[in-house]
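The values are calculated or read from the model by the stated rules, or taken from the named source; none is laboratory data. Keep in mind the model is a prediction, meaning the values are calculated, not measured. Note that each Cβ is placed from the backbone with ideal geometry, even for glycine, and that neighbours are counted across all protein chains shown.
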Amino acid sequence: MIYPQPRFLPCGDLAVSVELADEISLEANARVLALEYLIRQRRVAGITETLPTYRALLVYYEPAEIGFDALTATLRALAAEARPEVLPPARHVELPCCYGGELGFELEAAATKLGLAPDELARLHAGADYHVYFVGFTPGLPYMTGMPERLNIPRLVNPRTKTPAGSVSIGGIQCCIYSVESPGGFWVLGRTPARLYDPAAAEPSLLRAGDTVRFRPIERAEFDAIAAEVAGGRWRPQVTA
Amino acid sequence: MNLLVQDAGPLTTVQDLGRMGQLRVGLPRSGPMDREAFVLANRLVGNDDNSAGLECTLMGPRLEFADARWVAVTGAEAFVALDGEEMPRWESFRVPAGGVLRIGAARTGVRAYLAIAGGITTPPVLGSRATYLRGGLGGLHGRALRKNDTLPLGPAPAGGTARRLRAEMVPTHGDEPRIDTILGPQDDRFIAAGIAALFGGPYEMLPQSDRMGARFKGARIEHTRGHDIISDGIALGAIQVIGDGQPIVLLVDRQTAGGYTKIGAVCSYEIGRVGQLKPGQRLRFRQVTVAAAHAELAARRAVLETAIA
């Protein structure tokens with residue numbers, strides 16, 4: 001449910017969480033991103049940084065410039081205007097993905113768990129559009145949904161201690177791409193040669209909240225070719241507005 | 001001119017006040033754990049507050065200076081020596097060209113700070129020189145210092161004078177601090193007895209604590225219904241409580257978002273105290289309102305302005 005009025009939840013003395021809904025939905029997330037967009041556009045004095053997530057916006061502020069009551073009054077007014085229509089059009093990002101084999105080392109096990117053939121699982125996964133709710137946990141990691149209901153799968157009982165960067169994986173109704181090598185409890189179906197996180201880039205995260213992602217299935221030879229281009233800094237994914 | 005690292009110590013990193021505006025891509029601010037001590041070190045040598053210096057963990061480095069510089073060491077109570085001779089802390093002094101500065105083991109507190117006039121001038125990454133170890137960026141090649149590294153320094157300002165912290169301002173780190181804490185955002189996911197436990201304390205810091213988070217052991221903080229939430233942003237100082245009912249205070253290198261309940265948050269001006277706690281040392285969380293915290297923050301900032309004699 002989208003709340004009739006936002007909830008303002010203190011997060012220490014320098015931040016407040018503006019919670020707009022109690023659900024994970026495109027509508028709730030669009031409102032969060034719209035609120036963030038309006039804050040940036042209006043350059044609200046005293047707001048120092050914002051962090052969008054599924055259904056809440058974490059707002060950092062400087063109390064010497066804006067008190068808690070003035071802040072929440074401003075945010076309440078902006079939240080009333082924060083409809084999805086205020087947002088600029090979403091970007092569409094196409095990411096190549098090599099399914100199965102040693103890169104997608106849990107494709108077969110996930111397919112068995114779901115009662116599908118591995119090829120069918122890969123086809124269904126690549127056939128969907130994914131919405132990036134937000135980026136975080138580790139740098140550049142997108143929180144996405146968009147999978148067909150048929151691919152809803154419980155998370156791994158025993159999480160891995162290491163998952164390679166670029167691993168395209170699923171758990172519950174979520175799809176995630178590990179941005180740096182990290183522990184993980186999602187099923188790895190494939191890997192993208194795209195670099196999700198590059199600290200040397202002007203924009204260190206490839207994806208942004210609000211993006212739409214589509215996976216293009218590729219063979220191992222193409223994966224290796226693109227990976228070599230990525231390593232040489234010569235490859236960028238296709239991004240359309 | 002530069003600084004040669006003769007010996008690095010176990011975890012010495014370049015830090016400035018941190019990286020702003022990157023939370024939304026998953027990068028925490030980083031910067032010093034004890035911001036107040038860090039800022040004071042810079043002020044003692046006449047630097048801007050944001051000049052890059054070193055954060056030394058438990059044991060400091062041994063550094064050889066190519067040119068003469070004013071320096072200051074603050075934070076943890078550690079032995080400081082210049083060419084073998086003991087030097088004061090919380091006070092600036094001049095290192096001659098070729099001088100060797102050593103910062104020893106922390107007796108109380110954990111993190112000592114070294115500021116050098118002119119600052120460390122490793123390349124800024126996304127607007128900051130702060131080292132973020134897990135992301136491998138900032139500081140010197142995104143990592144802790146190693147033996148034989150060299151650190152570039154900014155031009156040494158002409159002149160310079162000896163400055164010292166007013167004696168009554170020098171903090172002590174060995175006691176059991178009371179840490180101002182604000183409830184929320186998920187305090188409604190805990191039973192009244194759970195919240196009472198949090199503020200009843202004490203909680204003992206566990207060894208598995210670092211710049212990402214400090215883990216504590218104490219009275220169990222009971223949930224109403226499970227510890228999972230719809231993942232949301234994690235503010236500095238957030239007190240996360242998962243299934244075992246024990247608090248984890250999330251710090252400067254924390255993950256930016258997560259799916260566990262956060263009962264409250266330690267106030268910004270208390271983070272330094274948490275960063276100076278040793279494993280086995282205890283603290284108590286003390287409940288304050290947002291308004292009281294803002295008043296305290298303003299008061300502490302005012303005191304900081306008069307701290308240097």
Does any residue of region B:252-266 turn out to be free of Cβ contacts under 8 Å to residues at least 60 places away in the same chain, in contact with a helix residue (DSSP H, G or I) (Cβ under 7 Å, 6 or more places away or on another chain), on the phi < 0 side of the Ramachandran plot and not basic (Lys, Arg)? no
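Specify which of the listed residues (B:Asn50, B:Asn42) is assigned to a loop (DSSP other than H, G, I, E, B), in the same structural domain as B:Leu153 (by TED's automatic domain parsing) and either without any contact (Cβ under 8 Å) to a residue 60 or more places away in the chain or within 21 Å of B:Pro152 (Cα to Cα) (or both). Steps first, answer last, please.
Values: B:Asn42 fails: assigned to a loop (DSSP other than H, G, I, E, B).
Sole residue among the options that is assigned to a loop (DSSP other than H, G, I, E, B), in the same structural domain as B:Leu153 (by TED's automatic domain parsing) and either without any contact (Cβ under 8 Å) to a residue 60 or more places away in the chain or within 21 Å of B:Pro152 (Cα to Cα) (or both): B:Asn50.
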Identify, please: which residue in region B:116-149 is aliphatic (A, V, I, L, M) and part of a strand (DSSP E or B) and is, among those, surrounded by the most Cβ atoms within 10 Å (Cβ to Cβ)? B:Ile116
Would you mention how many residues in region A:8-46 are over 30 Å from B:Ala292 (Cβ atoms), facing another protein chain (nearest Cβ under 10 Å) and without any contact (Cβ under 8 Å) to a residue 60 or more places away in the chain? 3
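Within region A:110-153, how many residues are within 14 Å of chain B (Cβ to nearest Cβ) and out of contact with any helix residue (DSSP H, G or I) (no Cβ under 7 Å at 6 or more places or on another chain)?
Of the residues in that region, 10 qualify.
Only one of A:Glu23, A:Glu27, A:Glu65 is of a type in the set (D, E, K, R), assigned to a loop (DSSP other than H, G, I, E, B) and closer than 21 Å to A:Leu87 by Cα; which? Before the answer, list the steps.
Numbers: A:Glu27 fails: assigned to a loop (DSSP other than H, G, I, E, B); A:Glu65 fails: closer than 21 Å to A:Leu87 by Cα.
Residue meeting the stated conditions: A:Glu23.
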Taking into account only those residues within region A:154-179 that are assigned to a loop (DSSP other than H, G, I, E, B) and surrounded by 20 or more Cβ atoms within 10 Å (Cβ to Cβ), which is farthest from the other protein chains (Cβ to nearest Cβ)? A:Gly166
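The rows are residues; the columns are (1) under 11 Å from A:Glu94 (Cα atoms); (2) buried (at least 16 other Cβ atoms within 10 Å of the Cβ); (3) touching a Gly at 6+ places or on another chain (Cβ under 8 Å).
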{"position": "A:Glu181", "(1), (2), (3)": "no, no, no"}
{"position": "A:Arg195", "(1), (2), (3)": "no, yes, yes"}
{"position": "A:Ala202", "(1), (2), (3)": "no, no, no"}
{"position": "A:Phe215", "(1), (2), (3)": "yes, yes, yes"}
{"position": "A:Ala221", "(1), (2), (3)": "no, no, no"}
{"position": "A:Ala228", "(1), (2), (3)": "no, no, no"}
{"position": "A:Gly233", "(1), (2), (3)": "no, no, no"}
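Can you name the residue in region A:47-99 that is within 14 Å of chain B (Cβ to nearest Cβ) and among the aromatic types (Phe, Trp, Tyr) and, of all such residues, is surrounded by the most Cβ atoms within 10 Å (Cβ to Cβ)?
Applying the first criterion (within 14 Å of chain B (Cβ to nearest Cβ)) to region A:47-99 yields A:47-72.
Filter once more, so that each one left must be among the aromatic types (Phe, Trp, Tyr): A:54, A:60-61, A:68.
Values: A:Tyr54: 22, A:Tyr60: 21, A:Tyr61: 24, A:Phe68: 18.
Per the criteria, the residue is A:Tyr61.
Take residues that are facing chain A (nearest Cβ under 9 Å) and tell me which of the strands (runs of 3 or more DSSP E) falling wholly in region B:195-309 contain 2 or more.
On the way: elements: B:203-205, B:213-217, B:228-233, B:238-241, B:247-250, B:257-260, B:262-266, B:282-287.
Hits in region B:195-309: B:228-233, B:257-260, B:262-266.
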Which one is farthest from A:Cys98 (Cα to Cα) among residues in region A:191-207 that are touching a Ser or Thr at 6+ places or on another chain (Cβ under 8 Å) and more than 9 Å from chain B (Cβ to nearest Cβ)? A:Leu196
